[in-house]
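Worksheet: the structure to be examined is printed underneath.
The values are calculated or read from the model by the stated rules, or taken from the named source; none is laboratory data. Computed from a predicted model, the values in this text were never measured in an experiment. Note that we place each Cβ from the backbone using ideal geometry, even for glycine, and neighbour counts take in every protein chain shown. What goes into the accessible areas is simple: the full protein's heavy atoms, side chains included, and nothing from ligands, DNA or RNA. Shrake-Rupley method; radii C 1.70, N 1.55, O 1.52, S 1.80 Å.
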Amino acid sequence: MLLPAFLGLMGIYFVWKQYRTRNRQRNGKAAPMEWRLARSYRVDVTLDLNTAHPHLVLRKDLKSVHLEDSRQPLPDRPERFDTWPCVLGRETFTSGRHYWEVEVGGRTDWLVGVCKENVLKKEFILMSPKSGFWVMELSQEEYWALNPSRVLLSLPKAPRRIGIFLDYESGIVSFYNVNAGIHMYTFPKASFSDPIRPLFCLWSCGKSPMTLC
């Protein structure tokens, strides 16, 4: 009984990989099948207070975050961001396929994605795969994938909820507009060897939070 089920799952994943390969450059195009299959690897992600920049305020459930003007009285730790207003997810991925969603709502700026667990956190750095970041952001009303050269994304619809898919062994990081079921961007294939963690950043203050779904 287990073998047919396993073969069935492998068949579904093979079809998904074929479909994703044909569509990975079609940023901003409808990809409902690709998105639904990525979503089948959904995991629960929470925020890691020990990594949060002191200007970020996390709710008690560790599912929402917003940026404040005032600095929070948090202890200095080696793993805490003190330059970029970022926070990591508590979950660490070293294998497998994982998908999660984050509600950005009507916020006018944000950054989401993944990074290596050991990225620099105590100085200004250029966020790109070369420095261990695979992220996209909304900044000044434009959407960008932060590749070594920033990639401007032309999106037909503004995302209010973003899906992030990580395939560790295949080196894939993809982003989806959940509300529209649209693929937004897939980074060129990476080769992961370090632990990978979810990453979230906010560039402006306000009570409107970024919330993990």
With a 1.4 Å probe and every protein chain kept in, tell me what percent of the accessible surface of segment 31-123 is carbon plus sulfur.
50 percent
Taking the highest mean first, how do the peptides 99-112, 176-189, 143-156 order by number of other beta carbon atoms within 10 angstrom per residue?
176-189, 99-112, 143-156
Between segment 170-207 and segment 36-110, what's the alpha-carbon centroid distance in Å?
13 Å
Over segment 137-208, give the accessible area per residue in Å² for a 1.4 Å probe, as an integer.
42 Å²
The percentage of the accessible area of segment 134-200 (probe 1.4 Å, all protein chains present) made up of carbon and sulfur atoms, to the nearest whole number, is 44 percent
Can you check what the net charge comes to around ASN118, using other residues whose Cβ is under 11 Å from the Cβ of ASN118 (Lys, Arg +1; Asp, Glu -1)?
0
